[in-house]
Amino acid sequence: MKKNFLTLLLAICLILFTNGLYGGEVQVLERGPVRVLFEPPLGAVSREVANRYPGIMRELEGTLGWRTNLRPTVLLVSDSRRFRRMAESPLTVAFAVPSRDLIVIDYSKMKRHPFKLEDTLKHEICHLLLHEHIKEKLLPRWLDEGVCQWASGGSVDIIMDQKRSLLNKAAFRGNFIPLSSLQRGFPRDKDSLLLAYEESESFVEHILGRYGKEGILAVLERMKGGEEAGTAVLRALSIPLERLEEEWHRSLRRKMTWFTYLSYHLYEILFAFGAVITIYAFIRAMRRKRAYMNEEGE
């Protein structure tokens with residue numbers, strides 16, 4: 001997840017320079033190209049970040065085929081309330097500010113949700129790496145998120161409901177969010193935000209499935225050279241972006257049968273069915289009680 005620097009400046013200053021955070025104490029660990037800012041309880045975590053950074057960067061350089069001169073700063077936050085002052089959504093676990101080579105991670109969520117620090121860090125570093133090589137105005141949000149989800153192994157910077165796919169529901173109903181609406185940012189309401197993440201990952205996976213890793217890298221390489229996404233897709237994959245999007249929609253709808261939809265919502269269906277049976281049993285019991293009382297009255 002990305003966030004603009006100016007909107008973060010005040011919140012980060014509050015974290016770094018007020019007395020409300022462990023007496024204002026924020027420590028710094030610098031190791032090689034990475035600098036880690038952390039609160040006192042997260043000393044061991046800061047060392048883990050610094051130790052893992054070189055390996056993560058080598059993996060990303062190998063995946064994307066690009067070298068880097070990044071010198072990122074990673075801010076570890078242990079208090080979710082302070083993190084929420086900076087984040088776009090309560091669902092956010094981490095975000096990157098590419099204009100300042102900054103990554104902010106809510107470490108408290110690492111303990112309560114199934115997130116791995118290494119995967120989350122890799123996802124955010126991927127954002128920085130993409131923006132190091134592609135101008136921000138050329139990089140649509142859906143592609144930025146989709147590529148980083150692919151490179152890091154999934155949605156690891158936002159809390160997703162693993163049992164509930166909004167993309168499947170959108171495919172069944174035909175109400176996708178157009179990629180053109182996900183150019184500069186994602187929606188703020190919960191369901192639309194989660195759907196935007198799912199769509200971004202799914203569309204990049206569709207490109208990978210049809211054109212392979214070479215296809216998506218060819219698109220990124222053209223964008224690095226200054227082409228906008230639509231032109232890069234057309235020249236690299238020989239298909240207009242709009243047609244590729246329609247093809248992706250059709251492939252999702254083909255997978256989404258009534259049986260799939262019903263099986264996906266089996267828990268809700270069984271719950272509703274159980275509620276109906278309970279109500280029916282209650283009504284029958286009341287009728288029997290009333291009939292018994294009438295017989296007693298006679």
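Checked against (1) crowded, with 20+ Cβ neighbours inside 10 Å; (2) of a type outside the set (S, T, N, Q); (3) out of contact with any Asp or Glu (no Cβ under 6 Å at 6 or more places or on another chain), Val93 passes all but condition (3). Taken together, the residues in the stretch 195-245 that are touching a Ser or Thr at 6+ places or on another chain (Cβ under 8 Å) and not in a helix (DSSP H, G or I) amount to 0. Just one residue in the set Glu199, Glu228, Glu242 is more than 30 Å from Pro90 (Cβ to Cβ), touching a residue at least 24 places away in the same chain (Cβ under 8 Å) and not assigned by TED's automatic domain parsing to the domain that holds Ala87; that residue is Glu228.
Please work out which residue is farthest from Leu241 (Cα to Cα), limiting yourself to the stretch 107-135 and to residues that are at pLDDT 95 or above and surrounded by fewer than 21 Cβ atoms within 10 Å (Cβ to Cβ). Step by step, filter the stretch 107-135, then rank; the result is Glu132.
Checking each residue in the stretch 170-215 for being under 18 Å from Trp150 (Cβ atoms) and of a type in the set (Phe, Trp, Tyr) picks out Phe186, Tyr197, Phe203, Tyr211. When you check Ser251 against the structure, is it at pLDDT 80 or above, exposed (fewer than 11 other Cβ atoms within 10 Å of the Cβ) and under 30 Å from His131 (Cβ atoms), yes or no? In short, no.
What helices (runs of 4 or more DSSP H) completely inside the stretch 49-153 contain at least 1 residues that are touching a residue at least 60 places away in the same chain (Cβ under 8 Å) and in contact with a Cys (Cβ under 6 Å, 6 or more places away or on another chain)? Spell out the reasoning first.
Numbers: elements: 80-84, 108-112, 117-133, 141-152.
Passing ranges, in order: 117-133, 141-152.
Inspect the stretch 72-82 for any residue being within 30 Å of Arg188 (Cβ to Cβ), touching a Pro at 6+ places or on another chain (Cβ under 6 Å) and polar (S, T, N, Q) and give the result as yes or no. Yes, some residue in the stretch 72-82 is within 30 Å of Arg188 (Cβ to Cβ), touching a Pro at 6+ places or on another chain (Cβ under 6 Å) and polar (S, T, N, Q).
The values are calculated or read from the model by the stated rules, or taken from the named source; none is laboratory data. Fair warning: this is a prediction, and the values are worked out from it, not measured in the lab. Cβ atoms come from the backbone with ideal geometry, glycine included; neighbour counts cover every protein chain shown.
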